Amino acid sequence: MCGILCYLGKRPALPILLEGLRKLEYRGYDSSGVAIMEGGEVFCQKAVGKIQALEANLAGVTWQGSGGIAHTRWATHGRPSVENAHPQKDCREKIFIIHNGIIENHQSLKKQLLSLGHRFCSDTDTEVLAHLIEEHYQGDLEEAVKAALRLVEGAYGIGVICVDHPEEIVVARKGSPLILGIGEEEVFAASDVSALVSHTKEVIYLQDNDVAVLHASGYNISNLNYDSILRRTQQVEWDVEAAEKQGFPHFMLKEIYEQPEAVENAMRGRLIEQEGISKLGGLDGVHDEFLGMERLMIVSMGTSYYAALLGRYIIETCTDIPVEVDLASEFRYRKLNIREGTAVLAISQSGETADTLAAVQEAQRKGALVLGMVNVVGSSIARETDAGVYNHAGPEIGVASTKAFLSQLTILYLITLALARHQRMSLSEGQAFIAELKLIPDKIRRILDSASQIEAIARRYHGYKSFLYLGRKFNYPIALEGALKLKEISYIHAEGYAAGEMKHGPIALIDENFPSVCLAPRDSAYEKMVSNIQEVKARNGRVIAVGTEGDTDLQEICDEFIEVPATDEILLPLLMVVPLQLLAYYIARENGCEIDQPRNLAKAVTVE
Ligand code: G6P
């Protein structure tokens, strides 16, 4: 995700800010920028690409100002470009702002601001905030920022400076992290401790709705109503490397823990509860063709392919649209019968997977409506598809995909809802679907809270050489994904199977040395899963079951039992996969494997 850094003190700000931006590089970004206050002016420089590009643009610059703001941007609204990079500014070039998050009502605010005569030069939601602050500015920056934030819906971590206030930076947070760093006659604000930990270990974690006014000599924190707020100062114990992982030993574990947020970010601004529908802005341009599609083909690879397999089950359950799913690499070998009314959806975290890109091009040649679901804004697949939906999951660094998968599933539910409401799903069914979906992030948090139990299971099982993963219906793709996670990072042989297929081969392998991970929540496939578990047990196989909270019947027949909270059957995969990720992670850790960069694997496979 984007990175924020602000500095105010006695030293020249520019080198401190550039060094801090480099510390934020690991988060992924596509452009960067900096603004420095000096001699009653603000100097701003931005660049697309790496921090070196920004440094090259700054070559020969001698700004000595000791206050400024800096940003690395991971595009959400508007492609990566100099205009869209932050800082963004107002019409008079007095107010400069850096922002993480999404202003959900930016379109309506922009309309009002345009009618008041404001001129925009970027496609960003952030620029709307700059003009909104300008609109309310009457000499008091804090007041103008607060007045603007009162009108804003969405998430933000911001840093704002103004030419008229060279001794002041206003920062605020709601739903996007922001941390103050307190030094000797200097103060920092950053979205991530890693950017400031080399300067000070004394930090304050701002909370939602906090607004802090920074001066070199200190800071004041208050809320939007000017109630002053006291926040505890804490000492950071981490070194710089640990700070990038925010205290987690591996990016993969950090990303597993970011999943409640990834699901929230995928839904943010895309659900209209009253109407029981989802609204995917990226598909607006193809609205009629999308809702009117007669057939859908989904293409993808790896974990994204398993997301697609679930997509087939849920779209076919809720609509009359037949769905085909292909490994993108096999798509070209089929004699494709793409008629009018056929839509092709490419799912890819990176947006750069060569096979998926080739499938997109093939589908386009055949005249299909080609849609994309990608996480990396501006990536090849994002550019080459006719329309699409971004995941907004933030950069995923661990090679084994986790939070991007949850995000992909979430968006597939939103696509399903949009299509289903256009067809046979009623208003009340749509509303109930949304209500249940919104409970998912907290239910994932509950599963994460029980990680130590899964860690203990991993300690008992890490020595086995092979595992079988079994699931049915909605949880069949999850069994495949669970097995993939284990083999990717622990190098243990694992096979995912549809439980019904077990008797047609894999059962021959089962003995006391071949444990099975069985997905048996209380859903419509429960009884059949229980039969499969008994078949495994009858052959001395050990069973690790993932089931519904409180299912003591299941617990009794299994060797290990991992609980997930209950939810609608169709949404269960969002919960069921989380214990499987943790199990793979802890087994790999027990075995001393290189978790974030497993051997032979790449984050994006850019050759066919
Ligand atoms: C590689 C990665 C996987 C990923 C797959 C598809 O194999 O290691 O984690 O699922 O590519 O990548 P994509 O970026 O297209 O989703």
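What about VAL263, is it assigned to a strand (DSSP E or B) and either outside the structural domain of THR76 (by TED's automatic domain parsing) or in contact (Cβ under 8 Å) with a residue 60 or more places away in the chain (or both)? So VAL263 does not fit the description; no.
Scan the stretch 578-608 for residues that are within 15 Å of the ligand (Cβ to nearest atom), surrounded by 14 or more Cβ atoms within 10 Å (Cβ to Cβ) and aliphatic (A, V, I, L, M) and jot them down. Within the stretch 578-608, LEU580, ALA584, ALA588, ILE595, ALA604, VAL605 meet the criteria. Just one of (1) over 18 Å from VAL577 (Cβ atoms); (2) within 11 Å of the ligand (Cβ to nearest atom) fails for TYR306. It is (1). Out of LEU448, LEU439, LEU480, one residue alone is in contact with a strand residue (DSSP E or B) (Cβ under 6 Å, 6 or more places away or on another chain) and in contact (Cβ under 8 Å) with a residue 24 or more places away in the chain. It is LEU480.
Residue by residue, here is whether (1) part of a helix (DSSP H, G or I); (2) within 22 Å of the chain's Cα centre (by Cα); (3) modelled with pLDDT of 95 or more holds:
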| residue | (1), (2), (3) |
| --- | --- |
| LYS438 | yes, yes, yes |
| ALA458 | yes, no, yes |
| PRO477 | yes, yes, yes |
| GLU495 | no, no, yes |
| ASN513 | no, no, yes |
| ARG522 | no, no, yes |
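Pairs meeting the criteria (first residue in the stretch 1-21 and part of a helix (DSSP H, G or I), second residue open to solvent by 20 Å² or more (accessible area, probe 1.4 Å), beta carbons under 6 Å, at least 6 apart or on different chains) are ALA13/SER66; LEU14/TRP63. Just to be sure, is VAL546 touching a Ser or Thr at 6+ places or on another chain (Cβ under 9 Å) and open to solvent by less than 50 Å² (accessible area, probe 1.4 Å)? It is false that VAL546 is touching a Ser or Thr at 6+ places or on another chain (Cβ under 9 Å) and open to solvent by less than 50 Å² (accessible area, probe 1.4 Å). Of the residues GLN431, GLN453, the single one that is open to solvent by 10 Å² or more (accessible area, probe 1.4 Å), over 24 Å from ALA545 (Cβ atoms), assigned to a helix (DSSP H, G or I) and touching a residue at least 12 places away in the same chain (Cβ under 8 Å) is GLN431.
What residue, of PRO322, PRO260, is in contact with a strand residue (DSSP E or B) (Cβ under 6 Å, 6 or more places away or on another chain) and away from the ligand (no atom under 16 Å from the Cβ)?
On the way: PRO260 fails: in contact with a strand residue (DSSP E or B) (Cβ under 6 Å, 6 or more places away or on another chain).
When all the criteria are applied, what remains is PRO322.
Restricting the first member to the stretch 584-608 and to residues that are modelled with pLDDT under 80, and the second to residues that are aromatic (Phe, Trp, Tyr) and part of a loop (DSSP other than H, G, I, E, B), no beta-carbon pair is closer than 6 Å while six or more apart or on different chains. Total residues in the stretch 369-379 satisfying the condition of being open to solvent by 10 Å² or more (accessible area, probe 1.4 Å) and either modelled with pLDDT of 95 or more or within 9 Å of the ligand (Cβ to nearest atom) (or both): the figure is 2.
Any chance you could count how many residues in the stretch 75-126 are polar (S, T, N, Q) and touching a Lys or Arg at 6+ places or on another chain (Cβ under 6 Å)? Before the answer, list the steps.
Looking only at the stretch 75-126, we keep the residues that are polar (S, T, N, Q), and these are 76, 81, 84, 88, 100, 105, 107-108, 112, 115, 122, 124, 126.
Next, from what is left, pick out any that are touching a Lys or Arg at 6+ places or on another chain (Cβ under 6 Å): none.
Of the residues in that region, 0 qualify.
Are any residues in the stretch 289-300 out of contact with any strand residue (DSSP E or B) (no Cβ under 6 Å at 6 or more places or on another chain) and over 14 Å from ILE415 (Cα atoms), and if so, which ones?
Let us first name the residues in the stretch 289-300 that are out of contact with any strand residue (DSSP E or B) (no Cβ under 6 Å at 6 or more places or on another chain), namely 290-292, 294.
Within the stretch 289-300, just GLU294 meets the criteria.
Table: residues versus (1) under 21 Å from HIS71 (Cβ atoms); (2) among the aliphatic types (A, V, I, L, M).
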| position | (1), (2) |
| --- | --- |
| SER122 | yes, no |
| VAL128 | yes, yes |
| ALA147 | no, yes |
| ALA155 | yes, yes |
| ILE169 | yes, yes |
| LYS174 | yes, no |
| GLY183 | yes, no |
| ASP192 | yes, no |
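From the list ILE397, ILE447, ILE478, the lone residue that is within 15 Å of the ligand (Cβ to nearest atom) and either open to solvent by less than 10 Å² (accessible area, probe 1.4 Å) or charged (D, E, K, R) (or both) is ILE478.
The lone criterion from (1) touching a residue at least 12 places away in the same chain (Cβ under 8 Å); (2) surrounded by fewer than 21 Cβ atoms within 10 Å (Cβ to Cβ) left unmet by HIS287 is number (1). Residues of the stretch 337-360 include at least one that is away from the ligand (no atom under 16 Å from the Cβ) and open to solvent by less than 20 Å² (accessible area, probe 1.4 Å).
The values are calculated or read from the model by the stated rules, or taken from the named source; none is laboratory data. Given the structure is predicted, the values throughout are model-derived calculations rather than measurements. Quick reminder, even Gly has a Cβ in these numbers, built from the backbone with ideal geometry, and neighbours come from all protein chains shown. Calculation scope for accessible area: heavy atoms of the full protein, side chains included, ligands and nucleic acids excluded. Shrake-Rupley method; radii C 1.70, N 1.55, O 1.52, S 1.80 Å.
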